[in-house]
Amino acid sequence: MTQRVLLFSDDKTFNSIINDLFDDSEVFYFVLIEDFKSNKRKFQLNEDDIPMFFESHDNSFSNFKDFLTKQFFKGAFIVFNSNKEELSQEHPKALSLDIPLNLNEFFHTLKNIQIQKEAVEYHDIKFKKLFLNMAGRIIGDSKNNTKLTDKEAKILWHLVKEKGQTVSQKFLLNKVWGYRDDIETKTLTTHIYTIRKKLNIFENIFSIENSEDGYFIKFKPI
């Protein structure tokens, strides 16, 4: 799934530069809003969007700030060509980037925002006769329980949450380990193997099964 990135700017030169950066991107979907004053009443932001704003004489930040408020947008956003100190004091979720643009810093900032948006709030889950305690990383019932590592508990949480639907290896790697290039599929395979061994005491309740591109929970008939 691609992440929508929106640039609100009336500077044609800057717009052209940013547009070129996203030409071949498979991760981000770029949208340019040049006539911000005319379009701000027509345009609808989604909570998953990453808005960006280029400040100029005719394109003031106060207008953009009002737009975000009216849209009830509470996520992080990027402002180019702004005073970092003043911006951070007024808007803790605003990230200021200098012009000329440092490309490494720019894409690193986008990636961090994306990771924050996709962060999962893990909560306790009850299923069948079992409970999965995420704070203590324990799965058990009234008679037995077993301790899991942090990543084992998160993997199991995602599988249980999908109630028998397949969860892809790519999804688990991204959610549990984050967007890291050095993580390999065998890392997940090893964790699944260990989880299965630990959950043998609950084999009459459920099991973790393989699918073509991932894993799923199979509940046993009671």
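The values are calculated or read from the model by the stated rules, or taken from the named source; none is laboratory data. In this text, all values refer to a predicted model and were calculated from it rather than measured experimentally. Virtual Cβ from ideal backbone geometry, glycine too; neighbours counted across all protein chains shown.
Pairs please, first residue from the range 168-180 and of a type in the set (S, T, Y), second anywhere and modelled with pLDDT under 80 and surrounded by 13 or more Cβ atoms within 10 Å (Cβ to Cβ), Cβ atoms under 9 Å, 6+ apart in sequence or on different chains.
Here the result reads Y179/E118, each pair linking the range 168-180 to a residue that is modelled with pLDDT under 80 and surrounded by 13 or more Cβ atoms within 10 Å (Cβ to Cβ).
Take V79 and decide whether it is part of a strand (DSSP E or B), within 30 Å of S168 (Cβ to Cβ) and modelled with pLDDT of 90 or more.
No, not satisfied.
In contact with a Ser or Thr (Cβ under 8 Å, 6 or more places away or on another chain) and either on the phi > 0 side of the Ramachandran plot or not basic (K, R) (or both), is that true of R196?
Numbers: in contact with a Ser or Thr (Cβ under 8 Å, 6 or more places away or on another chain): yes; either on the phi > 0 side of the Ramachandran plot or not basic (K, R) (or both): no.
No; evaluated as a whole, the condition is false for this residue.
Identify, please: which residue in the range 101-127 is touching a residue at least 40 places away in the same chain (Cβ under 8 Å) and of a type in the set (K, R) and is, among those, nearest to M52 (Cα to Cα)?
Taking the candidates together, the pick is K111.
Would you call K163 among the basic types (K, R) and at pLDDT 95 or above?
It is false that K163 is among the basic types (K, R) and at pLDDT 95 or above.
Where residues in the range 18-40 are of a type in the set (V, I, T) and part of a strand (DSSP E or B), which of them is modelled with the lowest pLDDT?
I33
Inside the range 104-222, counting only helices (runs of 4 or more DSSP H) that do not spill past its ends, which hold 1 or more residues that are touching a helix residue (DSSP H, G or I) at 6+ places or on another chain (Cβ under 7 Å) and under 30 Å from I78 (Cβ atoms)?
Of the helices (runs of 4 or more DSSP H) lying wholly inside the range 104-222, those with at least 1 residues that are touching a helix residue (DSSP H, G or I) at 6+ places or on another chain (Cβ under 7 Å) and under 30 Å from I78 (Cβ atoms) span 150-161, 169-172.
Can you run down the residue pairs with Cβ atoms below 6 Å, 6 or more apart or on separate chains, where the first is in the range 56-73 and at pLDDT 80 or above and the partner is part of a loop (DSSP other than H, G, I, E, B)?
F61/E55; F67/K40; Q71/L45; F73/L45
Just for the range 166-196: of the residues that are surrounded by fewer than 16 Cβ atoms within 10 Å (Cβ to Cβ) and charged (D, E, K, R), which one is modelled with the lowest pLDDT?
Out of the qualifying residues, it is D181.
Could you check how many residues of the range 87-103 are assigned to a loop (DSSP other than H, G, I, E, B) and under 20 Å from the mean Cα position of the chain (by Cα)?
Result for the range 87-103: 2.
Restricting to the range 109-143, and then to whatever is farther than 24 Å from T190 by Cβ and of a type in the set (S, T, N, Q), can you tell me which residue is surrounded by the fewest Cβ atoms within 10 Å (Cβ to Cβ)?
S142
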